Each structure stands twice: as structure tokens, then as C-alpha cells.
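Enquirer: Below is the structure I would like to discuss, written out as C-alpha cells.
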Amino acid sequence: MSWDPTPFFASFAGASYREFRAQLERDLARLFAEARALGGLVRDRLGAWADVLVRLEDATARSAHLASYLGCLSAADARDEAV
């Protein structure tokens with residue numbers, strides 16, 4: 001049986017994979033910077049924190065998508081050190 005990874009990305013080193021990963025890294029860096037700048041969870045910042053957490057939920061889902069893809073690639077060929 002052969003596994004078809006194209007529903008995730010067209011290819012491992014392809015443009016869509018690289019852009020997805022780069023965008024996720026940028027989004028996470030931005031979220032972490034915003035969270036640090038917000039400081040503590042105080043009443044007057046709850047709306048801003050809610051916004052950060054909703055965007056973090058999206059980034060977490062995209063991170064799980066990436067992890068699933070890489071896990072499947074690794075399972076298909078554990079000797080492939082590029083994965």
C-alpha cells in the first residue's frame with residue numbers, strides 16, 4: 001500500500017509546503033511577541049488576550065497539520081533524514 005501525501009502538500013520541498021511553514025513561523029513569532037507585550041491577564045486587556053488566544057488556536061491547528069504530515073512522511077521512510 002502506498003500513502004499519498006498530496007492532500008497535505010504537493011511535495012515535501014515544494015513551494016506550498018515552504019510557504020505554509022514560513023507563515024506559521026511568522027505567525028507564532030508575532031503571537032509570542034504580542035503576548036509578551038500584553039503582560040498579565042488584567043481586566044482591561046482581556047479583549048486583546050482573547051484575540052491572541054483565538055489566533056493561537058488557529059496556529060496550533062496549523063502546527064498539528066504540519067506535525068501530522070511530517071509524522072506520516074517519517075513513518076513512510078524512517079531513514080529520510082530530511083524529514
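The values are calculated or read from the model by the stated rules, or taken from the named source; none is laboratory data. Model, not experiment: these values are computed from the prediction. Reconstructed Cβ throughout: ideal geometry from the backbone, glycine too, with neighbour counts over all protein chains shown.
Enquirer: Which residues, counting only those in segment 27-83, are of a type in the set (Phe, Trp, Tyr) and free of Cβ contacts under 8 Å to residues at least 40 places away in the same chain?
Expert: The first filter runs over segment 27-83 and keeps only residues of a type in the set (Phe, Trp, Tyr), leaving 32, 49, 69.
32, 49 - these are the residues of segment 27-83 that are of a type in the set (Phe, Trp, Tyr) and free of Cβ contacts under 8 Å to residues at least 40 places away in the same chain.
Enquirer: If we scan segment 14-23, do we find a residue that is charged (D, E, K, R), modelled with pLDDT of 95 or more and surrounded by 12 or more Cβ atoms within 10 Å (Cβ to Cβ)?
Expert: The initial filter retains those residues of segment 14-23 that are charged (D, E, K, R), namely 18-19, 21.
Narrowing the set further to residues that are modelled with pLDDT of 95 or more leaves 18-19, 21.
Pick out the ones that are also surrounded by 12 or more Cβ atoms within 10 Å (Cβ to Cβ) and you get 18, 21.
The answer is yes; a qualifying residue exists.
Enquirer: Now a separate question. Those residues that are surrounded by fewer than 10 Cβ atoms within 10 Å (Cβ to Cβ) and modelled with pLDDT under 95, I need them from segment 40-83; list them, please.
Expert: 40, 41, 42, 43, 44, 78, 79, 81, 82
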